[in-house]
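Working notes for the structure below.
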Amino acid sequence: MAIATGTLTITITESLDVGTTVMDTATSVAETLTCNDIFKRVITCPTSEITLYTTHASAVAGSQFDEDKIAYVRVTNHDASNYVVLRLTDAESNEFVYKLEAGKSFMLWTHKTAMSAKDTTDTGAPDADIVSMEAQANSAACDLEILIASVS
């Protein structure tokens, strides 16, 4: 029996209180995705680099996803004080590194032609698929929550 398709609703709302005045930024993003593949996990990230997930054009299993179908990724660092370094690699073996502070989240909305990390003179549009995300805690292990949603 096949598992039914589900709906993932992602809501981001911003509000700013500057003491005497509340300045509602009126920015509210609500995205609804029809998903048939959800991956959610809490993992302890050590101080040595680990692979959180990979992508492939057709081979999908375990923590490997179809690069064309990833619609949303969120990684949340649940540690109270330590940061985590996220390393994203594209299909051309280019990488970029992002420092995910304690208590913060990192989100991606797509993987297909989503990255360009060649050099500082590359001003063109993103032209490569994201193929992997690795993580490494800076000074002590951190709990990371990973959510990946793929569309049908």
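Data overview
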{"item": "Count of segment 118-137 residues which are at pLDDT below 65 and either open to solvent by less than 30 Å² (accessible area, probe 1.4 Å) or among the aromatic types (Phe, Trp, Tyr) (or both)", "result": "0"}
{"item": "Segment 99-109, residues that are within 19 Å of residue 67 (Cβ to Cβ) and open to solvent by 60 Å² or more (accessible area, probe 1.4 Å)", "result": "107, 109"}
{"item": "Residue match in segment 79-99 (condition: assigned to a strand (DSSP E or B), aliphatic (A, V, I, L, M), within 25 Å of residue 32 (Cβ to Cβ) and touching a residue at least 12 places away in the same chain (Cβ under 8 Å))", "result": "no"}
{"item": "Filtered residues of segment 57-84 (kept if more than 19 Å from residue 152 (Cα to Cα), among the polar types (S, T, N, Q) and open to solvent by 50 Å² or more (accessible area, probe 1.4 Å))", "result": "81"}
{"item": "Selected residue (only one of 102, 59 is among the aliphatic types (A, V, I, L, M) and modelled with pLDDT under 90)", "result": "59"}
{"item": "Index of the failed condition, residue 45 passing every other in (1) among the hydrophobic types (A, V, I, L, M, F, W, C); (2) touching a Lys or Arg at 6+ places or on another chain (Cβ under 7 Å); (3) open to solvent by less than 70 Å² (accessible area, probe 1.4 Å)", "result": "(2)"}
{"item": "Some residue of segment 69-92 being within 24 Å of residue 11 (Cα to Cα) and of a type in the set (Asp, Glu)", "result": "yes"}
{"item": "Matching residues, segment 105-117, being modelled with pLDDT under 85, in a loop (DSSP other than H, G, I, E, B) and either closer than 27 Å to residue 8 by Cα or touching a Phe, Trp or Tyr at 6+ places or on another chain (Cβ under 6 Å) (or both)", "result": "110, 111, 112, 113, 114, 117"}
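The values are calculated or read from the model by the stated rules, or taken from the named source; none is laboratory data. Fair warning: this is a prediction, and the values are worked out from it, not measured in the lab. Reconstructed Cβ throughout: ideal geometry from the backbone, glycine too, with neighbour counts over all protein chains shown. Each accessible area value is taken on the protein alone, full model and side chains, heavy atoms only, with ligands, DNA and RNA left out. Shrake-Rupley method; radii C 1.70, N 1.55, O 1.52, S 1.80 Å.
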